[in-house]
Amino acid sequence: MHSASSRTDATLLEVARDAGVSKTSVSRYFGGERERLSADLQARIAGAAQRLGYRPNQMARSLKGGRSRLIGMLVADIRNPFSVAVMHGLEQACRARGFSLMVCNTDNDPAQEREHLALLAGYRVEGLVINPTGQPSHELRQLADQGLPLVLLDRTLGDLEADVVGLDNAHAIDTALDHLLAQGYGEVLYLSEPPSRASSRQARLARVEQRLGEGAGLSGEACCLEPGDAPALNAAIAAFLAAPGAAPKALLCANGNVTLAATRALQALDVGLGETGLMGIDELDWCELVAPGITTLAQPTEDIGRAAVDRLLRRLDAPGERAPPRRSDYGGRLIARGSTRR
């Protein structure tokens, strides 16, 4: 015999009977209207569903009621630590609001982007969160024109109108450079991936060039290379360190991928961290493990993920309104470690 907890065919009516509540209450619980139920009712329904192994058929719900309770997420590179961290915040926020998250990775391939957009449209997602690369596709513009709520993560897409949620890039660069200056570094090499494909990289690079152009105790240059091009990166760092100058030198990395590549380069060059400063934007798990610890500026990825969902649901709750797109920028958090301690 099978126990009740192993069943996979329990019905909504059985959950209602087990919980001692109405069928309408159970429908509200799984239909995204949990806030209309008391905490006691929610707990009883959740307990009954768990005992019976009940799982709502979301596709059937969408066909019946016109709501899929699905949010789509389109990621340019799912290996990017920023994307993974934001994805976690998104999923948590979706679950709390009675939605499920569907994630598609484009791998920076326009053809895959078109296929994934068609897939997400077929599942009738109610909103779309995008970490874009390059220009918006025809398919994405069509979805936007049809009124599908869109939120862009930290990047804009030309003239495509959509809400944007992300890091305050100018403030992040100011925080990083001010920290390096306070620690006694006077020359900075800013390392970034090519900025042409991402507006956030462009914003960070522009702020670095502005600050270095102002002087105020800091000088230096910016270098844009692919992190995978180790020989070119090693050569650029070696040339910067070998250039004459009395001021202590530091590297500032535009994101986690560049921080990892720069760390490897400094190890290959047998350069000690601290006397030569190293700082990265994006906090990664390994940064505290590389002696003496790498200073980072942590992005508020959980806040960004929750804000993206909140922005989508605000649009869904007011479908007739054509409010102008909004941008919400969040500040980073400085985590000082030994790599910027002279």
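Where a number appears in this text, it was derived from the coordinates with a stated rule and is not lab data. What you are looking at is a predicted structure, and each value in this text was computed from that prediction instead of being measured. As a convention, Cβ positions derive from the backbone with ideal geometry for all residues, glycine included, and neighbour counts pool all protein chains shown.
The table below lists the values:
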| read-out | value |
| --- | --- |
| Kirkwood-based shape ratio for the range 90-157, expressed as Rg/Rh from alpha carbons | 0.94 |
| Whole-number D in µm²/s for the range 257-342 (Stokes-Einstein; Kirkwood sum over Cα pairs; 4 °C, 1.567 mPa s) | 85 |
| Rounded to 10°, Cα long-axis angle of helix 39-52 versus longest principal axis of the chain | 80 |
| Taking the C-alpha atoms of the chain, convex hull volume expressed per residue in Å³ | 175 |
| Net +/- balance of residues flanking LEU218 in space, Cβ distance below 14 Å, scoring K and R +1, D and E -1 | -3 |
| Antiparallel bridges, percent of DSSP beta bridges restricted to the chain (to nearest 5) | 5 |
| Helix-only [θ]222 nm of the chain, DSSP H runs n ≥ 4, -39500 (n - 2.57) each, per residue, nearest 500 | -13500 deg cm²/dmol |
| For ARG17, ARG306, order by how many other beta-carbon atoms lie within 10 Å, fewest first | ARG17, ARG306 |
| Chain lengthening between GLU115 and ALA96 when straightened (0.36 nm per residue, less Cα-Cα) | 4.0 nm |
| Compactness of the range 173-220, expressed as Rg and Dmax over alpha-carbon positions, Å | 11.0, 34 |
| Taking LYS249, LYS23 and counting other C-beta atoms within 10 Å, the order from fewest to most | LYS23, LYS249 |
| Cβ-based exposure ranking for PHE82, PHE30, in which fewest neighbours within 10 Å come first | PHE30, PHE82 |
| Length gained when the stretch ALA243-ALA46 is fully extended (0.36 nm per residue, less Cα-Cα span) | 64.4 nm |
